[in-house]
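**Student:** Shown below is the structure under consideration.
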Amino acid sequence: MAQLKRLWEGLSWTQRIWLVVVVLAAGGGLTALTRWNQEQDFKPLYNNLASEDAGALVNKLKETGVEYRLADNGTAIFRPPDLGELKMIRV
């Protein structure tokens, strides 16, 4: 730890700022990449829905606590892959 402290103290203010920016950018990039990868795993639940049907289904999914994503201007609903097979939702 003392070695890191000496290294930090040996840096100029400009170098310190750049180091902090690089660390924050790397952390933000990894977070974004992880979230993007999780979004890629979502599978279609319903496609080509009318807006009224999509709204009713979204309300039902919220009631049951099922995670979902909307796509294609709200005409498609996607679900996470770990849900297995879902029963038909009656609205």
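Every read-out reported here was derived from the displayed coordinates using simple, explicitly stated rules and does not represent laboratory data. Computed from a predicted structure; not experimentally measured. No Cβ is skipped: glycine too gets one built from the backbone with ideal geometry, and neighbour counts run over all protein chains shown.
**Student:** Relative to the longest principal axis of the chain, what angle (0 to 90°, nearest 10) does the C-alpha long axis of helix 13-40 take?
**Tutor:** That helix lies at roughly 20 degrees to the long axis.
**Student:** Computed over the Cα atoms of the chain, what is the ratio Rg over Rh, Rh following Kirkwood? Could the numbers behind the result be given before it?
**Tutor:** Working: Rg = 22.5 Å, Rh = 16.8 Å.
Reported Rg/Rh, Kirkwood definition of Rh: 1.34.
**Student:** What is the distance, in nm, between label points placed 7 Å from the Cα along the Cα-to-Cβ direction at Lys62 and at Val21?
**Tutor:** Going from the Lys62 label point to the Val21 one covers 4.2 nm.
**Student:** According to the square roots a ≥ b ≥ c of the eigenvalues of the Cα gyration tensor, what is the shape class of the range 43-83, taking rounded for a/c under 1.5, prolate for a/b larger than b/c otherwise, and oblate for the remainder?
**Tutor:** oblate
**Student:** With a cut-off of 8 Å between alpha carbons and a minimum separation of six or more residues, what is the relative contact order of the chain in percent?
**Tutor:** With pairs under 8 Å counted, the relative contact order is 27 percent.
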